[in-house]
Structures are given as C-alpha cells and as structure tokens.
Amino acid sequence: MELELPFRKIIHVDMDAFFASVEQLDNPDLRGKPVAVGGGGDRGVVSAASYEARKFGVRSAMSNVLAKQKCPHIIFVKGNYARYKEISYQIRDIFYHYTDLVEPLSLDEAYLDVTQNKVGNPSAGLIAKEIRQRIFDEIGLTASAGISINKFIAKVASDINKPNGQKTINPEEVLEFLEELPIHKFYGIGKVTASKMYNLGIFTGKDLKQKSLEEMIELFGKSGAHYFKIVRGIHNSEVKPNRERKSLGAERTFRENISSEIYMLDKLNDIADELEKRMMNSKTKGKTVTLKIKYSDFTQQTRSKTIDTFIQKKADFFPLVKELLYQEKLKNSVRLLGISFANLDTVKKEPFWVQLKLEF
C-alpha cells in the first residue's frame with residue numbers, strides 16, 4: 001500500500017508547557033523555577049508542569065504529593081483558566097493570518113492546513129517557523145511544531161524537537177520515519193496497547209508493518225485497521241475548522257470528600273451558577289443534563305436526563321440536577337461533582353468543557 005496523492009501540507013502547533021508558561025510570563029519571579037499548576041494541597045493533582053519541574057520527573061496528572069517528593073522546591077500555583085483562554089485566542093488570531101483551516105484540539109494545540117494559504121508561501125516549514133516567531137514576539141511564549149502530509153504525522157513530529165523547535169517530515173521521508181518510530185511514540189497508542197504490542201514482538205513501526213490487515217483487526221478490532229493504515233502513512237482526516245460542540249459543562253474537585261447530599265446540593269448550586277453564565281455567554285442551550293460524580297475511590301458515575309425542549313437557565317435545569325442526585329443512593333463519599341449539557345442547539349462549534357477553579 002503506497003502513500004496517496006496529492007499530499008496536504010499540515011502543521012501541528014503545540015505550545016510548550018502552556019499553563020505553566022503563562023504563569024511564568026505573568027509572574028517574572030516564577031521564571032526559571034520549577035512550577036506546577038493546580039494548587040498545592042495533598043489531595044490535588046498537577047494540571048501542568050514547567051520544563052524546570054519536568055527535569056525532576058514531574059508530569060501532568062501526577063499527584064501533588066509525588067510531585068513534591070520528586071521536586072521538594074516545586075512552586076504550586078492555582079490555575080487561571082480565563083487567562084489561558086485569553087492567550088489561546090491571541091495565538092489563534094495569529095494562525096488565522098495564514099489559513100482559515102484551523103482545528104483547535106485544546107487551548108494549547110491546533111492543526112493548520114496550509115496547502116493553500118493566505119500568504120502565498122509554498123513552504124509549510126517556513127510558515128511554521130514564522131508562526132512560532134510571531135507567538136514569541138507578540139505574546140512572549142514558545143511553541144513547537146510538526147509539519148508533514150497529514151495530521152497524524154504532524155502530531156508525532158511536533159514532539160520531536162520540543163521545546164521551542166520544529167520538525168518536518170517530507171513526503172519522501174514518511175515511510176522510513178514511520179518504520180523507525182518506536183511504537184509508544186505513535187499518537188493514539190497508549191500504555192496498555194503498547195504493552196500488548198510489546199508482548200506480540202511489535203516494538204517499532206517496521207514490526208507493526210509486518211502484520212496483515214486481518215491480523216491487526218483480529219488483535220485490536222477496529223483500531224487495528226487504523227494502525228494498519230497510519231504505519232503506511234495513510235491518514236485522510238481533514239483539518240476541520242468548524243468542529244461541532246458536543247457538550248458544555250463545569251465541574252469542581254473538593255478539598256475534602258463529601259458524604260452529605262445536602263452539602264453536595266450547596267456545591268452543585270455554585271457549579272450551576274457558573275454553568276448558567278457559560279451557557280448564556282456562549283448562547284447555547286441543551287436538552288440533556290448530566291450529573292458527574294467521582295467518588296473518593298476514584299470510580300466515576302454519570303446520571304443523565306433528556307427533556308423535550310432546549311434550556312440554559314439555572315431555574316430550568318437545576319431541578320433536574322437535584323432529581324439526578326437523589327435518583328439513587330450514593331456509593332461512597334464524593335471528591336468531584338460536575339454538571340454538563342449535551343444535545344446542544346449549536347452546530348459546527350468547538351467542544352467545550354470547563355474545569356472550574358479547583359479547591360485544594
């Protein structure tokens with residue numbers, strides 16, 4: 001199976017340690033120091049870590065306790081998500097100078113299709129370099145980029161020369177690059193799948209390529225067909241600038257576990273206030289309300305109710321939240337609660353889930 005023509009020119013831009021870098025940008029005293037975003041309480045987790053902290057092995061999703069063990073002098077700061085969003089939109093404005101085909105994946109990364117671009121530059125690599133320079137000059141942050149013929153390879157490439165670097169995988173280099181790529185570096189292959197592949201003697205793209213389509217499907221189901229294609233450089237997903245917003249919500253993690261349903265209602269009342277503001281600001285309404293519950297043992301449960309009309313006001317949806325809370329007995333004490341809307345009246349908008357300021 002050969003690479004398909006014609007090739008697109010795709011850039012994946014990934015901001016370097018974005019949340020932590022914004023904190024260091026806004027507070028010069030933090031620059032050059034190990035910083036973790038997410039609050040410093042023992043029950044919290046690291047949302048983002050600066051590169052100074054990463055040198056000690058601190059990573060996102062790591063418990064604060066372990067982060068402190070690895071880096072005793074680490075500095076914890078609470079996240080300012082409104083500020084991160086503000087900076088993210090400034091960065092996107094730079095992207096739109098070059099192309100309208102911009103697909104944000106999150107606040108800190110996006111795909112750009114520059115096959116046909118607004119500046120008439122045939123070199124995707126030069127465009128990526130110019131974008132990164134503008135982000136640095138105009139905002140003060142560094143970004144890394146990957147450039148190649150499709151989204152998958154561009155995504156993988158953006159991680160190669162991090163931080164503050166870029167990597168281009170030209171069309172004629174794609175197959176060799178994928179054959180030499182360690183299997184755990186394939187975007188979308190997580191630890192569990194990688195471990196299964198290791199047990200099958202699959203350590204690199206070249207090893208993966210030895211498996212037939214039938215074998216891959218038998219071993220990995222539908223994902224097997226995907227792996228079969230990507231290792232051959234085939235990934236036809238287009239950059240989608242108008243991604244449909246599928247849900248909108250807010251959640252909160254608590255300093256201490258909650259076991260009283262009355263106290264939970266009080267917390268849900270605050271979450272509902274924030275969600276109503278966001279529904280109003282985004283001019284969004286929904287039909288399905290979901291209550292998210294994460295227990296102290298980290299198991300998670302969702303309870304949903306769908307109605308016939310679109311709503312956005314707290315007065316309309318909070319009674320549903322109360323109904324969902326009392327729908328069945330709680331399994332354990334609770335560490336997180338969230339409310340979200342689905343079945344929205346919006347189309348072709350970005351997915352949007354907001355993490356409220358955490359209580360640690």
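The values are calculated or read from the model by the stated rules, or taken from the named source; none is laboratory data. Treat the numbers as computed from the prediction; the structure is a model and nothing was measured. Cβ: placed from backbone, ideal geometry, glycine included. Neighbour counts: every protein chain shown.
Residue-by-condition table, conditions (1) within 21 Å of residue 168 (Cα to Cα); (2) surrounded by 14 or more Cβ atoms within 10 Å (Cβ to Cβ):
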position: 75; (1), (2): no, yes
position: 82; (1), (2): no, no
position: 109; (1), (2): yes, yes
position: 114; (1), (2): yes, yes
position: 124; (1), (2): yes, yes
position: 144; (1), (2): yes, yes
position: 147; (1), (2): yes, yes
Inset, instruction - Scan (1) assigned to a helix (DSSP H, G or I); (2) within 30 Å of residue 9 (Cβ to Cβ) for the single condition residue 53 breaks and write down its number. - result: (2)
Inset, instruction - Go through (1) of a type outside the set (Val, Ile, Thr); (2) surrounded by 19 or more Cβ atoms within 10 Å (Cβ to Cβ); (3) in contact with a strand residue (DSSP E or B) (Cβ under 9 Å, 6 or more places away or on another chain) one by one and return the number of the condition residue 296 breaks. - result: (2)
Inset, instruction - Select, from 130, 86, 109, the only residue that is of a type in the set (D, E, K, R), within 18 Å of residue 15 (Cβ to Cβ) and at pLDDT below 90. - result: 86
Legend entry - Unique residue being at pLDDT 95 or above, under 23 Å from residue 246 (Cβ atoms) and under 22 Å from the mean Cα position of the chain (by Cα) when the list is 275, 291, 268: 291
Legend entry - Every residue from the range 132-185 that is without any contact (Cβ under 8 Å) to a residue 24 or more places away in the chain and among the acidic types (Asp, Glu): 137, 172, 173, 176
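Working carefully through the options 307, 234, 271, 293, find the one that is within 30 Å of residue 169 (Cβ to Cβ) and in contact with a Leu (Cβ under 8 Å, 6 or more places away or on another chain).
Exactly one of 307, 234, 271, 293 is within 30 Å of residue 169 (Cβ to Cβ) and in contact with a Leu (Cβ under 8 Å, 6 or more places away or on another chain), namely 234.
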Legend entry - Condition check for residue 140: crowded, with 20+ Cβ neighbours inside 10 Å and either among the polar types (S, T, N, Q) or not in a helix (DSSP H, G or I) (or both): no
Inset, instruction - From 289, 239, 321, 231, grab the single residue that is free of Cβ contacts under 8 Å to residues at least 60 places away in the same chain, under 30 Å from residue 101 (Cβ atoms) and either in the same structural domain as residue 169 (by TED's automatic domain parsing) or hydrophobic (A, V, I, L, M, F, W, C) (or both). - result: 231
